[in-house]
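Q: The following block contains the structure, expressed as structure tokens.
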Amino acid sequence: MRKLIILLGFLFVTIRALPQFVPEHISNKTIYLFLDELASAKLISVNSAIKPWSKSFIAQKLVEASVHRDSLSKRQVKELDFYLKSYRPDLPVPTTLQWNEKLNIFKKQPHLATSINPFALVYKDSLFTFSIRPVYGISNYKNENGQVTHTWGGIEASGTIAGHWGIYASLRDNHETQLFALPTYLTQEMGGNYKINEGGRAGGDYSEMRGGITYEWKWGNIGLVKDHFEWGTNYHGSNIYSGRTPSFAQIRLHLHPAKWIELNYVHGWLVSEVIDTAQSYYSNGQYRAVYRQKFLAANMITIIPVKHLYFSIGNSIIYSDMGGVHPAYLIPLAFYKSIDHTLTHNIDNENSQMFIDISSYNIRYLHLYASVYVDDFSVTRINNSERHNFISRKAGFSLSNWPVKNLIYRMEYTFSNPMVYKHRVPAVTFESNKFNLGHYLSDNSKELYMELNCKPFRGTTFTVSYNIAVHGNEYAYLDGYQAEKYPILQNKSWESHSFQIGGSYEFINNGKVFISYENQDIKGFDVDGKTSQYYLDLFSPPFYQGRTNTISFGFNIGF
């Protein structure tokens with residue numbers, strides 16, 4: 001009873017405090033999946049369609065779940081305590097760091113501490129909280145086609161000021177001996193802007209700088225950040241905004257004025273990589289190339305009619321050639337296609353989209369979800385067998401800890417029509433740095449993904465998965481009338497069958513060791529006057545082409 005009273009009091013203070021918004025990056029899958037597991041048990045409530053979540057939000061949800069620890073399995077209780085310890089700097093109280101850790105070299109300092117979990121140097125007082133953490137990782141891959149190594153290292157830091165302000169920065173350098181993420185590759189690897197064969201060594205190098213400054217109040221937050229975001233519920237790649245592109249600068253706004261509604265808005269400065277010949281020039285005999293400006297405006301309104309049920313609807317627009325940022329697209333609650341029809345009357349429109357996401361945790365242990373991305377839609381096409389709308393659909397479920405505890409089964413299906421995510425004008429494509437903002441398989445594709453997770457102990461996960469992915473004809477976007485007539489998946493250009501089994505152990509938050517075996521068959525097809533090898537080279541890195549048996553292992557501290 002005493003512990004329960006303390007937890008309830010702690011929860012009361014935490015919920016009514018004003019936490020600062022410092023995001024937990026979307027690549028930290030373990031904490032997101034654990035909160036998803038708690039939501040499936042109906043112990044907490046989360047909006048799975050919008051990520052990232054803030055570190056303080058995660059800490060708050062962990063405290064909420066602590067009240068229900070009698071409903072958790074032994075493994076879940078240990079997971080909960082592990083993450084509560086990890087996110088203790090992000091809780092509004094206490095204002096001192098009274099940690100009894102052997103590796104705390106500042107034991108006599110009430111506000112300064114070193115820690116293993118989180119692996120950080122942390123400072124905290126009533127006004128200011130700051131932590132700095134190293135980042136390092138290595139992954140090794142070996143199969144019949146050779147060996148590939150990916151290494152990365154850097155540093156990240158975050159801080160909060162005066163109960164409202166949040167600041168953070170993350171810098172890491174990457175090296176891959178063979179590139180796994182090029183704009184045309186159909187993989188889920190995070191995109192990077194590579195320097196190829198830098199210094200004569202094989203592969204590519206790229207650096208990724210993320211960071212931002214945010215301000216939070218009781219029912220919302222706003223921030224200027226350079227980072228990734230993900231919209232659309234999924235366990236194997238969103239079909240709305242997947243977060244796979246290199247990070248780009250953006251203004252983010254989140255409003256949650258009532259329990260039953262919230263609004264998320266993003267205005268982003270995308271990287272077009274389209275040369276603006278009018279702005280490019282020669283300086284001292286050297287050509288200075290300048291890219292055309294390219295912007296994104298997007299919103300998502302989420303209605304929560306009953307607890308654990310989230311219905312989200314939104315729209316977005318990619319725009320360019322308007323002399324810079326247009327104030328009409330800074331309106332968070334707007335239908336951008338209608339605005340576009342006014343601003344581009346009698347000339348070419350910009351590139352607009354709509355989307356819907358439904359996520360339900362109403363049946364205990366079962367998460368049901370579906371999302372629809374609409375690139376171009378006409379009612380006249382619905383009953384016309386020779387025409388189609390440009391739509392991507394995804395649906396799936398996750399069954400957690402029932403009927404067997406510590407087992408989680410997931411299945412997800414995605415189907416995308418031709419021309420989804422594409423546009424004939426390079427300056428307004430659904431891309432940044434030429435990486436598709438949407439689903440990793442792009443248009444004219446389908447995928448069935450199945451996964452079984454076993455979590456016998458705290459931090460330990462064994463995963464078995466099977467995935468079938470198909471990409472159809474690779475059509476060129478000539479004009480809208482022709483594009484709507486392209487047959488849907490008439491022929492295959494690329495296909496992948498993958499069976500994977502692996503395990504990981506999270507020894508600290510954001511730190512894990514992992515190993516896996518993957519049997520994969522990736523092949524191209526002779527179609528549309530192109531050879532099978534052409535499509536293999538277009539869609540897959542050489543390392544994964546053909547029948548392969550890949551062993552991979554590594555570790556990371558930070559993502």
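Q: Helix 29-40 versus the longest principal axis of the chain: what angle, 0 to 90°, nearest 10, using Cα atoms?
A: Once rounded, one gets 80 degrees.
Q: Report, to the nearest whole %, how much of the accessible area of the chain belongs to carbon and sulfur atoms, 1.4 Å probe, protein only.
A: Answer for the chain: carbon and sulfur cover 61 percent of the accessible area.
Q: Let me ask something else. Expressed in nm to one decimal, what extension gain is obtained for the pair residue 457 and residue 42 from 0.36 nm per residue of sequence separation less their Cα-Cα distance?
A: So the extension gain works out to 147.2 nm.
Q: In sequence order, what are the phi-derived ³J(HN,Hα) couplings for segment 121-138 according to the Karplus relation 6.51 cos²θ - 1.76 cosθ + 1.60 with θ = phi - 60°, rounded to whole Hz, with x for glycine and proline?
A: Once rounded to whole Hz, the list reads 9, 10, 10, 8, 9, 6, 10, 9, 10, 8, 9, 10, 9, x, 10, 7, x, 8.
Q: Further question: Could you give the length gained by full extension between residue 105 and residue 287, i.e. 0.36 nm per residue of separation minus their alpha carbon distance, to one decimal place?
A: 60.1 nm
Q: For the pair residue 74 and residue 147, how long in nm is the line joining their label points, each one 7 Å along Cα→Cβ?
A: Going by the 7 Å Cα→Cβ label model, 4.1 nm.
Q: Whole angstrom only: what separates the Cα centroid of segment 183-224 from the Cα centroid of segment 537-559?
A: Between the Cα centres of segment 183-224 and segment 537-559 lies a distance of 19 Å.
Q: Might you tell me the accessible area per residue for the chain, computed with a 1.4 Å probe and given in Å²?
A: 45
Q: Determine the relative contact order of segment 452-513: mean sequence separation of Cα pairs under 8 Å and six or more apart, normalised by residue count, in whole percent.
A: 41
Q: Read phi for every residue in segment 394-409 and hand back ³J(HN,Hα) as whole Hz from Karplus 6.51 cos²θ - 1.76 cosθ + 1.60, θ = phi - 60°, with x for Gly and Pro.
A: Here the 3J(HN,Hα) series is 9, 8, x, 8, 9, 10, 10, 6, 8, x, 10, 5, 6, 10, 10, 10 Hz.
Q: Which pairs break 31 Å Cα to Cα here: 485/523; 42/142; 85/307?
A: Those over the limit are 42/142.
Q: Take every Cα pair under 8 Å in segment 30-140 that's 6+ residues apart, average their separations, divide by the length, and report that relative contact order as a whole percent.
A: That works out to 16 percent.
Q: Pop the C-beta distance of residue 531 and residue 468 into the FRET formula with R0 = 25 Å and round what comes out to the nearest 0.05.
A: The computed FRET efficiency comes out at 0.65.
Q: Given 0.36 nm per residue, what is the gain on full extension from residue 547 to residue 362 after removing their alpha carbon distance, in nm?
A: Roughly 62.4 nm would be gained on extension.
Q: What spacing in nm lies between the two simple spin-label points modelled at residue 330 and residue 278, each 7 Å away from Cα in the Cβ direction?
A: Spacing of the two 7 Å Cα→Cβ label points: 2.3 nm.
The values are calculated or read from the model by the stated rules, or taken from the named source; none is laboratory data. Note that the structure is predicted; figures quoted are calculated from it, not measured. With ideal geometry, Cβ positions are generated from the backbone for all residues, glycine too; neighbour counts draw on all protein chains shown. Side chains are part of the model used for accessible areas, which takes the heavy atoms of the whole protein and leaves out ligands, DNA and RNA. Shrake-Rupley method; radii C 1.70, N 1.55, O 1.52, S 1.80 Å.
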